[in-house]
Structures are given as C-alpha cells and as structure tokens.
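The values are calculated or read from the model by the stated rules, or taken from the named source; none is laboratory data. As the structure is a computational prediction, the values presented were derived from the model and not from experiment. Note that we place each Cβ from the backbone using ideal geometry, even for glycine, and neighbour counts take in every protein chain shown. Surface accessibility is based on the protein's heavy atoms, side chains included, excluding ligands, DNA and RNA. Shrake-Rupley method; radii C 1.70, N 1.55, O 1.52, S 1.80 Å.
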Amino acid sequence: QVQLLESGGGLVQAGGSLRVSCVASGRTSSRYVMGWFRQAPGKEREFVAAITWGAGSTYYADSVKGRFTISRDNAKNTLYLQMNSLKPEDTAVYYCAAAKYAGNLYNRVAYDYWGQGTQVTVSS
C-alpha cells in the first residue's frame with residue numbers, strides 16, 4: 001500500500017506561481033509512475049502531468065505545457081508540481097497519484113493510489 005499526501009496549495013493571483021508537493025510513503029517503488037490530476041467544480045478529474053519515477057520522463061497536458069513543471073526527489077520520496085503563469089482556469093483541487101504499471105499515463109484509471117488533494121485557487 002502507498003500513501004500520498006499533498007501540500008502547498010493556496011490562493012494566488014493570475015500570473016503568479018505556486019508549487020505543490022506530494023510525499024509518498026509505504027510500499028513505494030522506483031518503477032511507479034507518478035502523476036498530477038486536477039478537478040474543478042462540476043468537472044471531471046483531468047490529467048495534468050506525469051513522470052516516471054526511475055527515468056524521469058515527463059508528460060504534460062496541452063493546457064499546462066510550458067507553464068507547469070513536474071519533478072521528483074527520489075531520496076525524499078517527494079513529487080513536485082511547479083506552476084507558473086497561473087490562470088483562473090487552473091483553479092481546482094490538485095491530486096497526486098501513483099501507478100504501479102506504465103499504462104496510459106493520461107488516463108486516471110491507470111493510477112492505483114491517490115492523495116486527498118490540495119486546493120489551488122487563482123484569482124483574476
């Protein structure tokens with residue numbers, strides 16, 4: 001079992017930056033794929049970014065490409081999402097997720113473990 005705990009959400013003005021973090025504990029593995037998803041009110045949970053824990057290959061949704069950066073610190077079992085040039089439409093609860101197998105990284109069903117989420121609000 002893997003536990004994921006997000007932190008770092010908050011309120012920021014449009015154009016600002018924010019970094020959210022996710023600490024993984026339990027039976028973590030260097031083969032896991034880690035991802036960030038987000039869910040805005042009334043909308044489905046959507047893919048934001050993913051990174052392979054070992055090789056560090058990264059994947060992004062088109063809506064955040066060039067503005068967000070996913071990274072990880074293996075020694076600390078911590079996943080990060082650096083968010084720059086934030087827009088009001090980035091407002092959502094951001095969830096950290098872990099997948100045991102590298103399937104369709106863009107699809108939430110590929111992920112086996114989820115955190116509780118952290119709220120990010122971008123004001124205009």
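Report whether or not Arg27 is of a type in the set (Lys, Arg) and at pLDDT 95 or above.
For Arg27, the condition - of a type in the set (Lys, Arg) and at pLDDT 95 or above - is not met.
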Go through region 83-118 and report how many residues are within 16 Å of Arg27 (Cβ to Cβ) and surrounded by fewer than 19 Cβ atoms within 10 Å (Cβ to Cβ). 4
Looking at (1) farther than 16 Å from Leu5 by Cα; (2) assigned to a strand (DSSP E or B); (3) modelled with pLDDT under 95, which one does Thr121 not meet, given that it meets all the others? (3)
Elements of type strands (runs of 3 or more DSSP E) contained in region 1-49, each with 1 or more residues being over 20 Å from Thr121 (Cα atoms), touching a residue at least 24 places away in the same chain (Cβ under 8 Å) and open to solvent by less than 20 Å² (accessible area, probe 1.4 Å): 2-7, 18-26, 33-39
Looking only at residues in region 64-82 that are surrounded by 15 or more Cβ atoms within 10 Å (Cβ to Cβ) and more than 13 Å from the chain's Cα centre (by Cα), which one is modelled with the lowest pLDDT? Asn77
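It is to be established whether one or more residues within region 91-102 are charged (D, E, K, R) and either more than 20 Å from Val2 (Cα to Cα) or in contact with a His (Cβ under 9 Å, 6 or more places away or on another chain) (or both). Outline the logic, then answer.
First, the residues of region 91-102 that are charged (D, E, K, R): 100.
Filter once more, keeping what is either more than 20 Å from Val2 (Cα to Cα) or in contact with a His (Cβ under 9 Å, 6 or more places away or on another chain) (or both): none.
Within region 91-102, none of the residues are charged (D, E, K, R) and either more than 20 Å from Val2 (Cα to Cα) or in contact with a His (Cβ under 9 Å, 6 or more places away or on another chain) (or both).
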Six or more apart or on different chains, Cβ atoms under 7 Å: show the pairs whose first residue is in region 96-124 and in contact (Cβ under 8 Å) with a residue 24 or more places away in the chain and whose second is crowded, with 20+ Cβ neighbours inside 10 Å and in a helix (DSSP H, G or I). Val120/Asp90; Val122/Asp90
